[in-house]
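Structure first, then comments.
The values are calculated or read from the model by the stated rules, or taken from the named source; none is laboratory data. Small disclaimer: the values here were computed from a predicted structure and weren't measured. In this analysis, Cβ positions are derived from the backbone assuming ideal geometry, glycine residues included, and neighbour counts consider all displayed protein chains. The area values use the complete protein model at the heavy-atom level, side chains included, leaving out ligands, DNA and RNA. Shrake-Rupley method; radii C 1.70, N 1.55, O 1.52, S 1.80 Å.
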Amino acid sequence: MKVTIAGIGYVGLVTGVCLAEIGHEITCVDTDHKKISDLNKGESPIYEPGITELIKHNLAKGAIRFTTNSKQAYSFAEIIFISVGTPESDDGSANLQYIKEAAEEIGQSIRKNVIVVTKSTVPVGTNEKIKKWIENKITGRLKVSIVSNPEFLREGSAIYDTFNGDRIIIGAEDELSANIIGDLYKPFDLPIIKTDIRSAEMIKYASNAFLATKISFINEIANICEKVGANIEDVAQGIGKDSRIGSQFLSAGIGYGGSCFPKDTKALVQIAGDVHHRFELLESVIKVNNVQRNRLVHKAKEVLGPLAGKKAAILGLSFKPNTDDIREAASISMIEQLLAEKAEVFAFDPVVNGKIKALFPENIKLCTSIDEAITKADLCFIATEWNEIKEYPLVKFKDLMKEPFIFDGRNCFQLMEAEKFNLNYYSIGREPVIAKYSN
Ligand SMILES: NC(=O)C1=CN([C@@H]2O[C@H](COP(=O)(O)OP(=O)(O)OC[C@H]3O[C@@H](n4cnc5c(N)ncnc54)[C@H](O)[C@@H]3O)[C@@H](O)[C@H]2O)C=CC1
Ligand SMILES: O=C(O)[C@H]1O[C@H](OP(=O)(O)OP(=O)(O)OC[C@H]2O[C@@H](n3ccc(=O)[nH]c3=O)[C@H](O)[C@@H]2O)[C@H](O)[C@@H](O)[C@@H]1O
């Protein structure tokens, strides 16, 4: 089928290359000229495992093209996906500015009947607005069918998730459109759930809110574990074996970040508030997450006293491993806290560099290796569990740091290993390891 995708970010690009891979004819539209020009050279604007290969492969076979010419790209499309951003507004609600702009452009440009599929995460009721925004701009008698098809991919495993997702949600206003979108996805051979548009919109927010709740729950259990002398890893394994609970999303740490959980939880609180329902459980989930982010720097101050003038290494800057995305990353709030304490910050990440430098242009030193970041450091924080960090030889913390004080927000190492190398090792929900002698 001929599909045009509006908004070639993490979701639009992955959707585009994966639909091209299963045989569709894809046109990708974005307003960002640099992004489109890079993509036409086969260069990915994002770090995502496997994406560059799929871009190159589908460009070469002529299955995908990238353009800023939205008018042309929308005019004769059979299906148009909207996957532009829906960032957080000042009051926590979803900002629909980009959605409205894309919808109006679609209305102005289409020359035949079309199915418009919303992939962006949008509050319940938004698809009805999208239909109106499009129809208000249409000249002539054209029919637009709206489908809500929320996305569930995770950054860092986005291509795998697209081919191996748990379900595809299709919320449609008519059976024909639901069936056409079902057929589009058929080659993925994944379970398809068809529903109405409002339920589809709610499924997306409810899924993200539930996953965020699981994380805040396990983080609270971890905080209690620390106080009662229990070990969160064993506790998580023990409860996760109960199939009613499930073992995923029980990794305690310094809280959830990224472009979605923080904004979508706040948006759902707003959505509930708009219909006079106070979503107290979700408010607590958000509050717990905000507190969790500050825990490691607080702990470091408790252990080491004032951090002013101390050299602090921070390892892992992206909000999770295998992505270059730093939106709402725990590392950012940790760096802010460390700078407020007047510590000197030496940061390392295997892929993130320019983006973090743009946020802190003068105040942090970006290092090109873990060795460089931790050499002569007074303390070291771990914010993201990249493999490079998990596999780093623990003995080097002892050899290179002034004193090996490690504050691990992602529980990357075994306590026994930290003991073996005589480190001071503070992690989440586990007893601290205290070095028996100093360097
Ligand atoms: N990032 C993720 O892992 C996931 C994101 N989502 C949702 O998908 C949506 C998109 O998220 P991301 O891909 O992360 O956003 P992004 O910020 O990476 O990309 C959005 C793109 O839309 C482009 N754009 C803005 N206005 C446009 C217009 N009028 N026409 C064409 N392009 C336009 C921007 O230039 C940008 O390249 C959001 O609603 C998000 O909540 C859903 C599931 C996963
Ligand atoms: O709507 C979205 O954008 C996406 O949000 C999340 O995906 P993503 O944010 O890419 O990554 P996750 O793997 O869910 O991690 C989110 C955050 O939670 C944290 N996390 C995750 C799992 C866990 O057990 N503990 C934990 O602290 C991660 O470190 C990360 O900061 C959801 O998992 C996707 O299904 C959804 O499509």
Qualifying residues in the range 230-249 (those that are of a type in the set (Gly, Ala, Ser) and in a loop (DSSP other than H, G, I, E, B)) - the one farthest from ligand 1 (Cβ to nearest atom): 230
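So is residue 56 of a type in the set (Lys, Arg) and surrounded by fewer than 15 Cβ atoms within 10 Å (Cβ to Cβ) or not? Outline the logic, then answer.
Details: of a type in the set (Lys, Arg): yes; surrounded by fewer than 15 Cβ atoms within 10 Å (Cβ to Cβ): no.
Answer is no for this residue.
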Qualifying residues in the range 1-18 (those that are open to solvent by less than 20 Å² (accessible area, probe 1.4 Å) and over 23 Å from residue 325 (Cα atoms)) - the one farthest from ligand 1 (Cβ to nearest atom): 3
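Working carefully through the options 373, 377, 313, find the one that is in contact (Cβ under 8 Å) with a residue 40 or more places away in the chain and either of a type in the set (Phe, Trp, Tyr) or assigned to a loop (DSSP other than H, G, I, E, B) (or both). Can you show your working first?
Details: 373 fails: either of a type in the set (Phe, Trp, Tyr) or assigned to a loop (DSSP other than H, G, I, E, B) (or both); 313 fails: either of a type in the set (Phe, Trp, Tyr) or assigned to a loop (DSSP other than H, G, I, E, B) (or both).
Every option except 377 fails the conditions.
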Number of the condition not met by residue 383 [criteria: (1) under 23 Å from residue 320 (Cβ atoms); (2) in contact with a Leu (Cβ under 9 Å, 6 or more places away or on another chain); (3) open to solvent by 40 Å² or more (accessible area, probe 1.4 Å)]: (3)
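One line per residue, one yes/no per condition, for (1) outside any helix (DSSP H, G or I); (2) aliphatic (A, V, I, L, M):
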| residue | (1), (2) |
| --- | --- |
| 388 | no, no |
| 392 | yes, no |
| 395 | no, yes |
| 399 | no, no |
| 403 | yes, no |
| 417 | no, no |
| 425 | yes, no |
| 436 | yes, no |
Filter pass, residue 82 being within 13 Å of ligand 1 (Cβ to nearest atom) and buried (at least 22 other Cβ atoms within 10 Å of the Cβ): yes
Candidate set: the range 28-38, residues that are over 22 Å from residue 327 (Cα atoms) and open to solvent by less than 20 Å² (accessible area, probe 1.4 Å); chosen: the one nearest to ligand 1 (Cβ to nearest atom): 29
Residue match in the range 211-229 (condition: within 16 Å of ligand 1 (Cβ to nearest atom) and over 17 Å from residue 429 (Cα atoms)): yes
Of residues in the range 255-269 being outside any loop (DSSP other than H, G, I, E, B) and either open to solvent by 50 Å² or more (accessible area, probe 1.4 Å) or within 13 Å of ligand 2 (Cβ to nearest atom) (or both), the one nearest to residue 291 (Cα to Cα): 262
The range 112-150: number of residues that are more than 16 Å from ligand 1 (Cβ to nearest atom), over 22 Å from residue 16 (Cα atoms) and within 31 Å of the chain's Cα centre (by Cα): 3
Failed criterion for residue 418 (all others in (1) farther than 16 Å from residue 316 by Cα; (2) open to solvent by 10 Å² or more (accessible area, probe 1.4 Å) hold): (2)
Complete set of residues in the range 21-58 that are among the aliphatic types (A, V, I, L, M), farther than 21 Å from residue 71 by Cα and not in a loop (DSSP other than H, G, I, E, B): 51, 54, 55
The lone exception for residue 110 - which of (1) in contact (Cβ under 8 Å) with a residue 60 or more places away in the chain; (2) surrounded by 15 or more Cβ atoms within 10 Å (Cβ to Cβ) it fails: (1)
Options 390, 402, 436; residue that is under 21 Å from residue 343 (Cα atoms), among the basic types (Lys, Arg) and either under 32 Å from the mean Cα position of the chain (by Cα) or open to solvent by 50 Å² or more (accessible area, probe 1.4 Å) (or both): 402
Criterion: within 16 Å of ligand 2 (Cβ to nearest atom) and in a loop (DSSP other than H, G, I, E, B) - qualifying residue of 11, 84: 84
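Condition test on residue 194, is it of a type in the set (Lys, Arg), under 30 Å from residue 79 (Cβ atoms) and buried (at least 18 other Cβ atoms within 10 Å of the Cβ)?
Details: of a type in the set (Lys, Arg): yes; under 30 Å from residue 79 (Cβ atoms): yes; buried (at least 18 other Cβ atoms within 10 Å of the Cβ): no.
For residue 194, the condition - of a type in the set (Lys, Arg), under 30 Å from residue 79 (Cβ atoms) and buried (at least 18 other Cβ atoms within 10 Å of the Cβ) - is not met.
When you check residue 252 against the structure, is it under 24 Å from residue 155 (Cα atoms) and either assigned to a helix (DSSP H, G or I) or within 15 Å of ligand 2 (Cβ to nearest atom) (or both), yes or no?
Numbers: under 24 Å from residue 155 (Cα atoms): yes; either assigned to a helix (DSSP H, G or I) or within 15 Å of ligand 2 (Cβ to nearest atom) (or both): yes.
For residue 252, the condition - under 24 Å from residue 155 (Cα atoms) and either assigned to a helix (DSSP H, G or I) or within 15 Å of ligand 2 (Cβ to nearest atom) (or both) - is met.
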